[in-house]
Amino acid sequence: MPALVAPSVLSADFGNLQRDIEFLNNSDADWFHVDVMDGVFVPNISFGFPVIKTLQQHATKPLDVHLMIVNPDNYIDELGKYKPAVLTVHYEACTHLHRTLQRIKAVGAKTGVALNPHTPVSMVKDILHEIDLLLIMSINPGFGGQKFEPLAIEKVREAKALITAKGTHTLIEVDGGVTPDNCDALIAAGADVLVAGTAVFAAPDRNAAIVRLKG
């Protein structure tokens, strides 16, 4: 089954954001992946509510919002106003993960949990039934264009085995250094959604790149 592709808006041309939104609207992409960074949890700062509002107003496909921030609970209610399809928080940033996931559900979004490269898949085994999407980071979060960490493929296999054992319907998403060179291996391992920034927006034929990433 082809993977869903969620191009990362962080790699779009912000001088021509409306143009790139329209490109994704008319492309074979499935979701808009929206990275929110605070300069604390990760060493970078991305966009905030005004840009998310613009995306929500003009995007015709679901928003897949990835919070790379400390204290994500402080922003869930405000983000809920922009109707994200998926709202993903980092396992490493949530002291009370179950409570955070309940707040995400309360604003009408699907729940996502991201794992940094050093965090084992087993850390979410007891809460997997509350997770709609498990995001495996294949780079250290914070910057686009980094080199893919091959160990992520094994983590995807582990996640798929855990999901099967638990009998949940959790989707597996992979973010970081995803390209046409590794997408097939990720899909074979069990990935359902691939996030790609540079591999899409820097490609000579951006829609052909999206189609290729689907496997």
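Annotations
- Sole residue being farther than 30 Å from R206 by Cβ, surrounded by 15 or more Cβ atoms within 10 Å (Cβ to Cβ) and not polar (S, T, N, Q), chosen from L128, L134, L171: L128
- Complete set of residues in segment 34-50 that are out of contact with any Ser or Thr (no Cβ under 7 Å at 6 or more places or on another chain) and crowded, with 18+ Cβ neighbours inside 10 Å: V34, D38, F41, V42, S46
- Looking only at segment 110-135, residues that are within 15 Å of the chain's Cα centre (by Cα) and touching a residue at least 40 places away in the same chain (Cβ under 8 Å) come to 6 in all.
- Residue pairs whose Cβ atoms lie under 9 Å apart, sitting 6 or more positions apart in sequence or on different chains, and linking a residue in segment 27-54 that is under 19 Å from G80 (Cβ atoms) to a partner that is surrounded by fewer than 15 Cβ atoms within 10 Å (Cβ to Cβ) and among the aromatic types (F, W, Y), are F47/F14; V51/F14.
- Condition met for T95 (outside any helix (DSSP H, G or I), surrounded by fewer than 15 Cβ atoms within 10 Å (Cβ to Cβ) and out of contact with any Cys (no Cβ under 9 Å at 6 or more places or on another chain)): yes
- The number of residues in segment 55-106 that are of a type in the set (A, V, I, L, M), in contact with an Asp or Glu (Cβ under 7 Å, 6 or more places away or on another chain) and either over 28 Å from K125 (Cβ atoms) or touching a residue at least 40 places away in the same chain (Cβ under 8 Å) (or both) comes to 3.
- Given (1) more than 23 Å from K125 (Cα to Cα); (2) without any contact (Cβ under 8 Å) to a residue 24 or more places away in the chain; (3) of a type in the set (G, A, S), number of the condition A185 does not satisfy: (2)
- Of all residues in segment 77-92, those satisfying the criterion of being on the phi < 0 side of the Ramachandran plot and surrounded by fewer than 21 Cβ atoms within 10 Å (Cβ to Cβ) are D77, E78, G80, K81, Y82, A85, Y91, E92.
Read-outs: derived from the displayed coordinates by stated rules, not from any lab. Since this is a predicted model, take the numbers as computed values, not measurements. Note: ideal-geometry Cβ built from the backbone for every residue, glycine included; neighbour counts use all protein chains shown.
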